[in-house]
Amino acid sequence: SITCEVPEFQPLPKTHQAIGIDLGITDFAILSDGRKVDNQRFTAKMEQKLKREQRKLSRRYEQAKKDNRVLRDCMNYQKQRRKVARLREKVAFWREDFLHKLTTAFIRQYDVICVEDLNTKGMLKNHKLAKAISDVSWSSFVQKRMYKAKWYGRTIVKTNRFFPSSQLCHVCGHHDGKKALEIREWTCSSCHTTLDRDINASRNILAEGLRLFEATQP
Ligand SMILES: [Zn+2]
């Protein structure tokens with residue numbers, strides 16, 4: 001083990017900017033200023049390769065069993081096992097790197113960052129979504145922002161889990177009811193604005209987050 005001195009983090013100068021972030025599936029994050037952060041689809045990219053190598057690994061496993069050999073002595077099997085492990089590690093590193101860069105950029109640019117308090121565990125039970133959500137490593141993302149915000153004197157506001165960010169019209173505030181996940185765009189029945197599902201949601205998250213933030217200010 002090593003001991004090192006950790007520099008004391010200085011709060012960053014105020015930027016007087018706030019942002020609302022909606023985390024998505026197709027895009028990693030959708031920002032209230034309309035920007036979309038591409039979800040690099042870390043594992044998806046490597047998935048094919050990993051699958052192929054894993055199939056190869058199980059073929060070698062079966063072969064060893066058939067030949068009645070001890071796995072420890074099967075060089076081909078062991079070689080392949082290490083290859084699969086390295087591939088998995090690589091994917092994990094990419095993901096970490098991506099998240100670190102992204103969170104640092106957010107923290108530098110904004111004083112107040114508004115996000116949804118997501119019930120990721122609950123969402124993971126929905127299997128269609130599960131793969132995609134764990135792919136974008138949702139909870140790890142939020143966690144990272146939490147400690148970095150503390151370091152640099154930033155505020156992260158979590159809106160309530162039940163705040164209907166995707167059901168409200170961010171222009172007039174009209175509550176337009178639940179929207180199925182496949183509906184990516186809708187028109188407000190009150191003010192007739194055409195709304196991009198995700199951008200609208202992130203704008204609502206920003207407004208709600210700022211409301212909560214201001215309530216805590218003296
Ligand atoms: Zn409206």
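Brief remarks on what is shown
- Computed from phi, the 3J(HN,Hα) profile of the stretch 179-184 under the Karplus parametrisation 6.51, -1.76, 1.60 (θ = phi - 60°) reads 10, 4, 4, 7, 7, 9 Hz, with x in place of Gly and Pro.
- Toward the positive end of the charge dipole of the chain, with +1 on the Cβ of Lys and Arg and -1 on the Cβ of Asp and Glu, the farthest Cα among 98, 64, 20 is that of 64.
- Helix 197-216 axis versus longest C-alpha principal axis of the chain: approximately 60°, rounded to the nearest ten.
- Rolling a 1.4 angstrom probe over the protein heavy atoms with all chains in place gives the chain an accessible area of 63 Å² per residue.
- Using the Cβ-Cβ distance between residue 143 and residue 78 with R0 set to 45 Å, the FRET efficiency from 1/(1 + (r/R0)^6) comes to roughly 0.80.
- Nearest-ten-degree value, helix 138-152 long axis tilted from longest Cα axis of the chain: 60 degrees
- Taking Lys and Arg as +1 and Asp and Glu as -1, the other residues whose beta-carbon sits under 11 Å from that of residue 67 total +2.
- Spin-label pair residue 10/residue 211, simplified geometry with 7 Å Cα→Cβ offset, distance in nm: 3.8 nm
- Measuring with a 1.4 angstrom probe and ignoring ligands and nucleic acids, residue 87 comes out at about 20 Å² accessible.
- Where only DSSP H runs of four or more residues are counted, the chain gives -17000 deg cm²/dmol as its mean residue ellipticity at 222 nm, each run worth -39500 (n - 2.57).
- For the chain, the share of DSSP beta bridges that are antiparallel, to the nearest 5, is 55%.
- The heavy atoms of residue 75 present about 130 square angstrom of accessible area, all protein chains included, probe 1.4 Å.
- The stretch 55-66 - phi-based ³J(HN,Hα) in whole Hz, Karplus 6.51/-1.76/1.60, Gly and Pro as x: 4, 4, 4, 6, 5, 5, 5, 4, 4, 5, 5, 4
- Radius 11 Å from Cβ of residue 116, net charge of other residues (Lys, Arg +1; Asp, Glu -1): -1
- Compared with the dominant Cα axis of the chain, that is its longest principal axis, helix 75-109 is turned about 10°.
- Descending semi-axes in Å of the chain, equivalent ellipsoid built from Cα gyration tensor: 41, 25, 13
- Between residue 114 and 19, 20, 21, 157, the built amide H atoms are under 5 Å apart, and every one of these is 5 or more places off in sequence or on another chain.
- The GNM of the chain, with springs linking C-alpha atoms under 10 angstrom apart, assigns the highest mean-square fluctuation among 182, 208, 96 to 182.
- Cysteines in the chain that, by Cβ-Cβ distance, have no pairing candidate under 4.7 Å: 4, 74, 114
- Carbon and sulfur %, accessible surface of the chain computed with the full protein complex present, 1.4 Å: 53 percent
The values are calculated or read from the model by the stated rules, or taken from the named source; none is laboratory data. Owing to the predicted nature of the structure, the values given are computational and were not obtained by experimental measurement. As a convention, Cβ positions derive from the backbone with ideal geometry for all residues, glycine included, and neighbour counts pool all protein chains shown. All accessible areas refer to the heavy atoms of the entire protein, side chains included, with ligands and DNA or RNA removed. Shrake-Rupley method; radii C 1.70, N 1.55, O 1.52, S 1.80 Å.
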